[in-house]
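Each remark here refers to the structure printed beneath this line.
The values are calculated or read from the model by the stated rules, or taken from the named source; none is laboratory data. Everything quoted here is computed from the prediction, not taken from an experiment. FYI the Cβ positions are ideal-geometry reconstructions off the backbone, even for glycines, and counts take in every protein chain you see. The accessibility values were calculated without ligands, DNA or RNA, using every heavy atom of the protein model including side chains. Shrake-Rupley method; radii C 1.70, N 1.55, O 1.52, S 1.80 Å.
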Amino acid sequence: MPAGMQCLVAFRGGAPVARLSYGTAQDAGDVPGPCALIGHYERTDRSAGVWLLDEAVIRVCVGHRFHALGPINGSTWGRYRLALPPSTEEEGDAEPPFLSEPWNPPDYPADFEEAGFRVIATYESAIVEDLAAADPRRDELAERVRARGATIRALDPDRFDDELRAIFELSRTAFAENLFYSPIEFDEFRARYMPLRPLLDPEMVRLAEDADGRLLGFVFAFPDLLSAAPGGPPTRVVLKTLASAPAARGLGLGTFLTDEVRRVAHEKGYRSVIHALMQADNESVRISRHSARVFRRYALYELVD
């Protein structure tokens, strides 16, 4: 359980039927003052789950204007959002879950809506299956990157902590304006990424540096072990994080790094790349549009009274 979060459990007939965590944040989003963060939501009894959502908001917001966000497991650095039921025929034929994807029964969004929550932000995951098709602007972008004096390289696993710290520092700058962002310290960041270390293919983590070795951007991707058939290798790659430094904005670096992951994945024999959990109105969605198919959507919910 993240620091500062408490747990609520509902019982029926002596058996647990719903649970969630709750805590507070200050000045989250556009509403000033205390905000309830609701996370770790699970239930087998819908009425008990909705009651817990109501109860958590009351406990945090008593004496204040009601403002709650969920599901967020402590902060947006942790797992958050609900996967939505398919809304189109294409999404109905969706990909199976991928490693690191939030998963929930399809009726959980209705629980939040019954408790008075509304969608405050939407997200999507898309898949690229034609990995041989390079971005049509690739040569132009490569020339821009070279003209900026930038070089692209793979992660150095022998300097993993140093590499991770550079990624952390850039992430703090690049994501500071993201919706409901809250800062964390390096030790917590490292603890979140260390479980991925054994899964990493260093070639899938691409780092762009200027002539002085300063990180201008990165893309963090890894093989999706959930795509492996029994006894076989993974067939998909998950592109988890993409970031550029403010000084590199307008260079097309994000698009170039994304295309780098597709190129490497194709050379290594993977069948597809997943662009994971992009905010629907974010620049990363535009970058991923080249030959990508949206297969899952997600929502974050807010209650304001």
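Picking from residues in the range 200-214 that are closer than 16 Å to LEU251 by Cβ and not aliphatic (A, V, I, L, M), the one that is most open to solvent (accessible area, probe 1.4 Å) is ARG214.
For the range 202-228, a residue qualifies if it is under 18 Å from SER100 (Cα atoms) and free of Cβ contacts under 8 Å to residues at least 24 places away in the same chain, and exactly one does: ALA228.
Every residue, every condition in (1) charged (D, E, K, R); (2) at pLDDT below 95, yes or no:
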{"site": "LEU164", "(1), (2)": "no, no"}
{"site": "PRO202", "(1), (2)": "no, no"}
{"site": "VAL205", "(1), (2)": "no, no"}
{"site": "ASP210", "(1), (2)": "yes, yes"}
{"site": "PHE222", "(1), (2)": "no, no"}
{"site": "SER244", "(1), (2)": "no, yes"}
{"site": "GLY250", "(1), (2)": "no, yes"}
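Among the candidates ARG59, ARG144, the residue that is basic (Lys, Arg) and within 24 Å of GLY4 (Cα to Cα) is uniquely ARG59. Entry remark, the range 244-273: residues being buried (at least 23 other Cβ atoms within 10 Å of the Cβ) and under 20 Å from TRP77 (Cβ atoms) number 1 in total.
Check off (1) surrounded by fewer than 19 Cβ atoms within 10 Å (Cβ to Cβ); (2) in contact with a Phe, Trp or Tyr (Cβ under 6 Å, 6 or more places away or on another chain); (3) β-branched (Val, Ile, Thr) for THR44 and give me the number that stays unchecked. Result: THR44 passes all but (2). Out of the range 175-199, which residues are free of Cβ contacts under 8 Å to residues at least 24 places away in the same chain and open to solvent by less than 30 Å² (accessible area, probe 1.4 Å)? If the condition is that a residue be free of Cβ contacts under 8 Å to residues at least 24 places away in the same chain and open to solvent by less than 30 Å² (accessible area, probe 1.4 Å), then PHE186 is the only one that fits.
Only residues that are of a type outside the set (Gly, Ala, Ser) and either within 13 Å of VAL57 (Cβ to Cβ) or modelled with pLDDT of 90 or more (or both) were counted in the range 1-10, giving 4.
For the range 140-156, the set of residues classified as under 23 Å from the mean Cα position of the chain (by Cα) and of a type outside the set (Gly, Ala, Ser) consists of LEU155 only. Pick from PHE168, PHE180, PHE112: which is aromatic (Phe, Trp, Tyr), within 22 Å of ALA83 (Cβ to Cβ) and in contact with a Phe, Trp or Tyr (Cβ under 7 Å, 6 or more places away or on another chain)? Exactly one of PHE168, PHE180, PHE112 is aromatic (Phe, Trp, Tyr), within 22 Å of ALA83 (Cβ to Cβ) and in contact with a Phe, Trp or Tyr (Cβ under 7 Å, 6 or more places away or on another chain), namely PHE112.
For the range 11-36, the tally of residues that are open to solvent by less than 80 Å² (accessible area, probe 1.4 Å), assigned to a strand (DSSP E or B) and at pLDDT below 90 stands at 5.
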